[in-house]
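Novice: Let me begin by handing over the structure; questions about it come next.
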Amino acid sequence: MTISQVSFGSHEPVLDIKNLTVKYIGDTRSTTAVDRVSFSIGTGEVFGLAGESGCGKSTIANSIMRLLKDPAKIAGGSISFGGKDVLAMSPEELRRFRWQDVAMVFQSAMNSLNPVLTIGEQIVDIFTTHAGYSRKESMRRAGDLLELVRIDAARLKSYPHQLSGGMRQRAVIAMAVALKPSLLILDEPTTALDVVVQQEIMAQIKELQRELGFSVLFITHDMSLMVELSHRMAVMYGGRIVETAKAQDVYATPRHPYTQALMGAFPPLTGPRLPLTGLPDGVKFRNIPDLTEAAPGHFVAPFGADAPVTESANLEGAAR
Ligand SMILES: Nc1ncnc2c1ncn2[C@@H]1O[C@H](COP(=O)(O)OP(=O)(O)OP(=O)(O)O)[C@@H](O)[C@H]1O
């Protein structure tokens, strides 16, 4: 299936982030992990967030879910979901918001399953706790859910260690979509898996997205996977977004020097074999910047990160 076949509903934003700034406050110095980040995700849209380790991707995801813990602090900006101010939600509103409105698959989520409970018990718990279904009804729904991600319902009786890594990850994805959220956040959902299983999982996510129509925030450092799955994407460097564009435009004509370097570091999943360039010696952004405020030269923006490439700039460039 190609990107164009992934269902993409209206452009009505389901999530709207404006100027989000998140700091980790230390005794002597603070880290600005996310620096005035803005993006929105439309209904049924798959939006990718790319960038290498430490650039702030997970901090954004945790901010959306309101899962940031000390010493993290939201220092500015807004997060709106379906027009509601996420940062002002009460504990009760948050309880509903998580799972029912937005669900997240964390990095290495397959290892986060409870080892002493069967898969069935863990899924049933979601239905009884968050949707108020009876145990019997929850068990029936749990079976359907596993079948949805192509796992035999008989596996409800299995413990996590009795499933392969790929099956565990599929089970976690099934749990995330159990209550039909409007937005699914996938934080490096396939990093710990081999390439073949990775492909299967990505195909599974596309299929679910087409069937259920949810929006996706897809976080990865792997540009090939990102372009494969996303409609639009943003590239992050040092806590900032340096380029936002349609994923296929980024693939065909990456405009920001950092995006170009990142694209060159991953093999395309389709098309001719090309030599990988990586982030070569001498390129200013070979090492990610020190984001602590007391560090000398905090966020030196050698390539104009203060003037990120936006979608309109990208379109203008493509027209030239
Ligand atoms: N608890 C913490 N205390 C202090 N700094 C932190 C903390 N958690 C993250 N950071 C810093 O915030 C920055 C962004 O981290 P974050 O985990 O959001 O990046 P990421 O792009 O998701 O990377 P990865 O893919 O490796 O998780 C990094 O500089 C990191 O060192």
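Novice: Does region 260-280 contain any residue that is within 16 Å of the ligand (Cβ to nearest atom), at pLDDT below 85 and small (G, A, S)? Before the answer, list the steps.
Specialist: Step one: of region 260-280, the residues within 16 Å of the ligand (Cβ to nearest atom) are 262, 265-266, 279.
Then drop every residue that is not at pLDDT below 85, which leaves 262, 265-266, 279.
Filter again for small (G, A, S), leaving 265.
Yes, because at least one residue in region 260-280 is within 16 Å of the ligand (Cβ to nearest atom), at pLDDT below 85 and small (G, A, S).
Novice: Evaluate the following for L117: is it in a loop (DSSP other than H, G, I, E, B) and within 16 Å of the ligand (Cβ to nearest atom)?
Specialist: Numbers: in a loop (DSSP other than H, G, I, E, B): yes; within 16 Å of the ligand (Cβ to nearest atom): no.
In short, no.
Novice: Still on this structure, please answer the following. Identify all residues within region 132-158 that are loosely packed, with under 15 Cβ neighbours inside 10 Å and touching a residue at least 12 places away in the same chain (Cβ under 8 Å); write none if there are none.
Specialist: Correct list: R150, K157.
Novice: Failed condition for K136, given (1) touching a helix residue (DSSP H, G or I) at 6+ places or on another chain (Cβ under 9 Å); (2) more than 25 Å from C55 (Cβ to Cβ), with all others met?
Specialist: Exception for K136: condition (1).
Novice: Could you pull out every one of the strands (runs of 3 or more DSSP E) wholly within region 14-88 that has 2 or more residues that are closer than 17 Å to L184 by Cβ and within 16 Å of the ligand (Cβ to nearest atom)?
Specialist: Details: elements: 30-42, 46-50, 72-81.
Filter on region 14-88 gives 46-50.
Novice: Criterion first (charged (D, E, K, R) and surrounded by fewer than 22 Cβ atoms within 10 Å (Cβ to Cβ)) does R210 satisfy it?
Specialist: Numbers: charged (D, E, K, R): yes; surrounded by fewer than 22 Cβ atoms within 10 Å (Cβ to Cβ): yes.
Taking the combined requirement at face value, the residue satisfies it.
Novice: Against the definition (under 27 Å from A171 (Cα atoms) and either outside any loop (DSSP other than H, G, I, E, B) or without any contact (Cβ under 8 Å) to a residue 12 or more places away in the chain (or both)), how does L193 come out, yes or no? Walk me through it before giving the result.
Specialist: Working: under 27 Å from A171 (Cα atoms): yes; either outside any loop (DSSP other than H, G, I, E, B) or without any contact (Cβ under 8 Å) to a residue 12 or more places away in the chain (or both): no.
So L193 does not fit the description; no.
Novice: Moving on. Can you name the residue in region 228-240 that is closer than 18 Å to S215 by Cβ and not hydroxyl-bearing (S, T, Y) and is also farthest from the ligand (Cβ to nearest atom) among such residues? Steps first, answer last, please.
Specialist: Within region 228-240, the subset closer than 18 Å to S215 by Cβ is 228-234.
Filter once more, so that each one left must be not hydroxyl-bearing (S, T, Y): 228-229, 231-234.
Details: E228: 19, L229: 17, H231: 21, R232: 19, M233: 14, A234: 12 Å.
That would be H231.
Novice: List, please: which pairs have Cβ atoms under 8 Å, are six or more places apart or on different chains, and start with a residue in region 203-222 that is under 15 Å from T43 (Cα atoms) and in a helix (DSSP H, G or I) and end with one that is among the charged types (D, E, K, R) and more than 16 Å from the ligand (Cβ to nearest atom)?
Specialist: Final answer for the pair search is L212/K180.
The values are calculated or read from the model by the stated rules, or taken from the named source; none is laboratory data. Small disclaimer: the values here were computed from a predicted structure and weren't measured. Glycine also receives a Cβ, built like all others from the backbone with ideal geometry; neighbour counts cover every protein chain displayed.
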